[in-house]
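Participant: Sharing a structure with you now.
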There are 2 protein chains.
Amino acid sequence: MNTLKKKIRDHKYKFTSQRQVILQAFLDSQENHMSAEDVFNVVKQIDPDIGLATVYRALELFSSLDLLKKLDFGDGRSRYEINDNNLSHSHYHLICLGCGRVTEFSYDFLSEIKDKIRKENGFEIVDYQLKFYGYCKDCEKNKIQ
Amino acid sequence: MNTLKKKIRDHKYKFTSQRQVILQAFLDSQENHMSAEDVFNVVKQIDPDIGLATVYRALELFSSLDLLKKLDFGDGRSRYEINDNNLSHSHYHLICLGCGRVTEFSYDFLSEIKDKIRKENGFEIVDYQLKFYGYCKDCEKNKIQ
DNA sequence: GTGCGTGCAAAGTCTTTGCAAACCG
DNA sequence: CGGTTTGCAAAGACTTTGCACGCAC
């Protein structure tokens, strides 16, 4: 938390109690991919006066500071996760078309492809997002088709 | 177009003039990733009476039939492209953080990772989406930082 | 104290839905 | 003809914004 606090202050933003509570929610949460409303519901427990707009504003601020990473799983709302800030530590998301469960998977295929893309397109990668859609073990078992 | 028409009829859906015009827009368009409104603007030229809701309904229908593929580039609206229906032909999107331009890139790394994921997670992949964020040649050149 | 940050409510954007009329097969 | 599909407008879901008050520094 102190690292996060420092990063916010370094950018001349204020470390308000609301911002702290919202960050804490991510540090504490078992739920890895919270939507704005998920976050709102968590922080309301600690500070009932907090507003949904404040949550949205904080999530956007934190994303711009790379404290959080904004995700999209195609369910009509943005989701966020703590950003570990290291490309090679990145993970991918396995999104089950049956139950919607999102699992994480990690495997370094990037170094190879990164070079290839730089050479062929002159495109300098700073981040990426990889989502696999399919059926998880349980749904595969129960699939009719 | 006849293949598409067949696929629609095979599923007992009607091949209406509106649906035809919308599909034609994708076949003709140079723009590879049209939003619902982009499509609406194109088809209005041909059929001024067409409604935006019809476009949305058609895009959803076509996606469910795998004629189109629904994409999300994080700009707050869904985008669509013709689906080539072959996992190994799939391409990735290079999204420039400078100018927003979306380029396509193709490289088969999937077969390898697919096996790995099936073994380790019991997850059966049917589709995936890979997006790289970074800076394209031009923006890299002009980047201050 | 000053100006950034907040809460609230209203507005905005994209998308979906209800319904009567139109149309495909 | 009958059930789909359409166009329109209204509603819905998520997110952003305007503004007066409050708080971090």
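The values are calculated or read from the model by the stated rules, or taken from the named source; none is laboratory data. All values reported here derive from a predicted model rather than from experimental measurement. Here Cβ is always computed from backbone atoms with ideal geometry, including for glycine, and neighbour counts include all displayed protein chains.
Participant: Would you be able to say whether some residue in segment B:55-76 is surrounded by fewer than 19 Cβ atoms within 10 Å (Cβ to Cβ), small (Gly, Ala, Ser), in contact with a strand residue (DSSP E or B) (Cβ under 9 Å, 6 or more places away or on another chain) and within 24 Å of A:Gly76 (Cβ to Cβ)?
Facilitator: Scanning segment B:55-76 turns up at least one residue that is surrounded by fewer than 19 Cβ atoms within 10 Å (Cβ to Cβ), small (Gly, Ala, Ser), in contact with a strand residue (DSSP E or B) (Cβ under 9 Å, 6 or more places away or on another chain) and within 24 Å of A:Gly76 (Cβ to Cβ).
Participant: Something else about it: Quick one: which of B:Ser63, B:Ser106 is within 12 Å of chain A (Cβ to nearest Cβ) and at pLDDT 75 or above?
Facilitator: Among B:Ser63, B:Ser106, only B:Ser63 is within 12 Å of chain A (Cβ to nearest Cβ) and at pLDDT 75 or above.
Let's see how each residue does on (1) at pLDDT 85 or above; (2) not in a strand (DSSP E or B):
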{"site": "B:Arg9", "(1), (2)": "yes, yes"}
{"site": "B:Lys12", "(1), (2)": "yes, yes"}
{"site": "B:Phe15", "(1), (2)": "yes, yes"}
{"site": "B:Phe26", "(1), (2)": "yes, yes"}
{"site": "B:Leu59", "(1), (2)": "yes, yes"}
{"site": "B:Arg79", "(1), (2)": "yes, no"}
{"site": "B:Cys99", "(1), (2)": "no, yes"}
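Participant: Going by the structure shown, is A:Lys6 away from every other protein chain (no Cβ under 14 Å), farther than 16 Å from A:Leu59 by Cβ, out of contact with any Asp or Glu (no Cβ under 7 Å at 6 or more places or on another chain) and more than 9 Å from DNA strand D (Cβ to nearest atom)?
Facilitator: Judged against the criteria, A:Lys6 is a match.
Participant: Sticking with this structure for a sec: Identify all residues within segment B:22-38 that are within 16 Å of DNA strand D (Cβ to nearest atom) and within 15 Å of B:Glu60 (Cα to Cα); write none if there are none.
Facilitator: B:Ile22, B:Leu23, B:Phe26, B:Ser35, B:Ala36, B:Glu37 - these are the residues of segment B:22-38 that are within 16 Å of DNA strand D (Cβ to nearest atom) and within 15 Å of B:Glu60 (Cα to Cα).
Participant: Separate question: Six or more apart or on different chains, Cβ atoms under 6 Å: show the pairs whose first residue is in segment A:52-68 and within 8 Å of DNA strand C (Cβ to nearest atom) and whose second is at pLDDT 95 or above and in a helix (DSSP H, G or I).
Facilitator: A:Leu52/A:Phe40; A:Thr54/A:Gln18; A:Val55/A:Ala36; A:Val55/A:Val39; A:Val55/A:Phe40; A:Ala58/A:Arg19; A:Ala58/A:Ile22
Participant: In addition: Scan segment A:73-84 and report the pairs whose first residue is within 11 Å of DNA strand C (Cβ to nearest atom) and whose second residue is among the hydroxyl-bearing types (Ser, Thr, Tyr), with Cβ atoms within less than 9 Å and a gap of 6+ or a chain change.
Facilitator: Close Cβ pairs (under 9 Å, with a partner that is among the hydroxyl-bearing types (Ser, Thr, Tyr)) amount to A:Gly74/A:Tyr133; A:Gly74/B:Ser78; A:Asp75/A:Ser35.
Participant: So if I check each of B:Ser17, B:Ser29, which one is surrounded by 12 or more Cβ atoms within 10 Å (Cβ to Cβ), over 21 Å from A:Arg77 (Cα atoms) and small (Gly, Ala, Ser)?
Facilitator: It is B:Ser29.
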